[in-house]
1. Within region 137-178, restricting attention to residues that are of a type in the set (Ser, Thr, Tyr) and under 20 Å from residue 192 (Cβ atoms), which residue is modelled with the highest pLDDT?
2. Tell me, which residue of region 188-214 that is among the charged types (D, E, K, R) and closer than 16 Å to residue 119 by Cβ is modelled with the lowest pLDDT?
3. Here is a check on your reading of the model: is residue 7 closer than 26 Å to residue 170 by Cα and either of a type in the set (A, V, I, L, M) or out of contact with any Ser or Thr (no Cβ under 6 Å at 6 or more places or on another chain) (or both)?
4. Collect the residues in region 107-154 that are assigned to a loop (DSSP other than H, G, I, E, B) and either of a type outside the set (S, T, N, Q) or surrounded by fewer than 16 Cβ atoms within 10 Å (Cβ to Cβ) (or both), keeping them in residue-number order.
5. Tell me, which strands (runs of 3 or more DSSP E) wholly within region 303-417 include 1 or more residues that are at pLDDT 90 or above and in contact with a Lys or Arg (Cβ under 6 Å, 6 or more places away or on another chain)?
6. Taking residue 30 as the residue in question, decide whether it is in a helix (DSSP H, G or I) and either polar (S, T, N, Q) or assigned by TED's automatic domain parsing to the domain that holds residue 152 (or both).
7. Name the single residue, out of those in region 154-187 being in contact with an Asp or Glu (Cβ under 9 Å, 6 or more places away or on another chain) and touching a residue at least 24 places away in the same chain (Cβ under 8 Å), that is farthest from residue 113 (Cα to Cα).
8. Out of the residues in region 276-305 meeting the condition of being among the charged types (D, E, K, R) and in contact (Cβ under 8 Å) with a residue 12 or more places away in the chain, tell me which one is surrounded by the most Cβ atoms within 10 Å (Cβ to Cβ).
Amino acid sequence: MAIVREHWPAFRERVEMHAGSLPAFVCDELEAFTTCGDFEQGFLVAQCRRCGDSLRVPFACKSRGICPSCMGRRMCESAALLVEHRLPAVPWRQWVLSFEGPMAVRLGYDKRLLARVCQRFAKRVMQTLRRQAKLEHALATSSALHPGMVIVVQRFRSDLGLFVHLHALVTDGCFEAPSDDTQEVRFCPTEQLAGDHLLSTLQRLHADLAECALDEGEPPEGGVAACVQLGLSGLGPGPVRTQPLAVEPMLVSGFGMQLHAAVSVDGRDRKRLERVCRYLLRPPFALGAVQRTADGQVRVHFKKPSRNGATYAQMSPERFLARLCALVPPPGAHTVRYYGVLAPRHALRARVVPTPEATNIEPKQLSLFVPQGQLELAANTGPALDKQLLDVAPRRLSWMSLLARVFRIDVSVCQRCKGPMRVVRAVTCPDEIAEALHAARPPPRPSPRGQLMLFLA
């Protein structure tokens, strides 16, 4: 982005001069963001096997916090893996937990506190679902009921200020564990969830986090703390709503927290479920939403008007960069967490998640031999190969499938003759980049230090 590329060096120097050095993970993220998608930094060359037509694809920065392109790719990849391999076809409900005051900022850099909040939030929500499922289905006990839950940690508000809140996709009901392995797992939906259940969940969560509220925790480093304070100070001009806000259903506030659970989706509608997953995993802003005004200010447009009617936030380039620095998550801060039947070691997980198909799996390496009694038989036969394909669920989507899903660019098919494409080389040397992009010879290299000139002008 031109705004970051232009103002980043001076902003970093000013912050380090007055508030201390910025962490390496923040500097690396911002500097990589300025070169994302730049052909001058290198690219891959794919060539058609039939007609010889070539296609160049630039390298990405693989950002975890601010780059709309890379986070959009990660959003589409994670949402596709969730829908195709992790989320069963049952009703789902989105729960959103937000905090008021300094807690929303503390969670941005206190990884231990964030883990505890996520764990307690998941425990209380699943406890509410167990009690409600037991009541609606007239069960004797709730010990055999197991809901599933995915929590996504979001760090941003609409104006790009640091505001950590939790988006959770929860089964709208519980799975009932059978008495033996021969019986099928039954799903018990909860259809009478109301605002009173949300309020009781918030009360129990407040009791769990009472001790955390008294502990101040470790503040962020000097440079990051200055960026957080600068980013949170003041909002730009915008229209103000004069009409009172309407009361929303399934929304409760109290104890310095707010809980919202009005969005539900039928798990059999996989396309809509994937859209909800993308909403949970979305990047903080789109490239088209950030504009530079005539007076040099930065204007961030909202996707929809805020509660007070504002449609954009306007700020100086320094405050814009400060907010981007605060949005970068620290290393080791997990943004996606699984609980209940979706946890990796849960006993019912393998029986409720969708079964992967062999045609959608691309394993890195297959076994050459499989054990058969005391012998080892070759694994290149059909049944043995299918078993290996079905046993392994993918952790990542292929590079070509991501380009086709996110950017509508099918690198595997030639746009001219519809023939197969293949990656032939990666161009990373500056001389090769200059020759390929500009069809010109690279500039002459300077002579080594200490070398004598053979000819004098």
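1. Top of the filtered list is 171.
2. Our first condition is that a residue be among the charged types (D, E, K, R); within region 188-214, this holds for 191, 196, 204, 208, 211.
From what's left, closer than 16 Å to residue 119 by Cβ: 204, 208, 211.
Numbers: 204: 94, 208: 91, 211: 74.
Once the filter is applied, the top-ranked residue is 211.
3. Values: closer than 26 Å to residue 170 by Cα: no; either of a type in the set (A, V, I, L, M) or out of contact with any Ser or Thr (no Cβ under 6 Å at 6 or more places or on another chain) (or both): yes.
So residue 7 fails the test.
4. Looking only at region 107-154, we keep the residues that are assigned to a loop (DSSP other than H, G, I, E, B), and these are 107-110, 137-144, 147.
Answer for region 107-154, where residues must be assigned to a loop (DSSP other than H, G, I, E, B) and either of a type outside the set (S, T, N, Q) or surrounded by fewer than 16 Cβ atoms within 10 Å (Cβ to Cβ) (or both): 107, 108, 109, 110, 137, 138, 139, 140, 141, 143, 144, 147.
5. Working: elements: 312-315, 336-340, 369-372, 375-378.
Per the criteria, 312-315.
6. On the way: in a helix (DSSP H, G or I): yes; either polar (S, T, N, Q) or assigned by TED's automatic domain parsing to the domain that holds residue 152 (or both): no.
Taking the combined requirement at face value, the residue does not satisfy it.
7. Of region 154-187, the ones in contact with an Asp or Glu (Cβ under 9 Å, 6 or more places away or on another chain) are 172-173, 178, 185-187.
Cutting the leftovers down to touching a residue at least 24 places away in the same chain (Cβ under 8 Å) gives us 172-173, 185, 187.
Working: 172: 27, 173: 28, 185: 35, 187: 33 Å.
If we take residues in region 154-187 being in contact with an Asp or Glu (Cβ under 9 Å, 6 or more places away or on another chain) and touching a residue at least 24 places away in the same chain (Cβ under 8 Å), then 185 is farthest from residue 113 (Cα to Cα).
8. Here is the first cut: in region 276-305, the ones among the charged types (D, E, K, R) are 278, 282, 292, 295, 299, 303-304.
Checking which are in contact (Cβ under 8 Å) with a residue 12 or more places away in the chain leaves us with 278, 282, 292, 299, 303.
On the way: 278: 17, 282: 19, 292: 14, 299: 17, 303: 10.
Once the filter is applied, the top-ranked residue is 282.
The values are calculated or read from the model by the stated rules, or taken from the named source; none is laboratory data. Every value quoted in this text rests on a predicted model; they were computed, and no experiment measured them. Quick reminder, even Gly has a Cβ in these numbers, built from the backbone with ideal geometry, and neighbours come from all protein chains shown.
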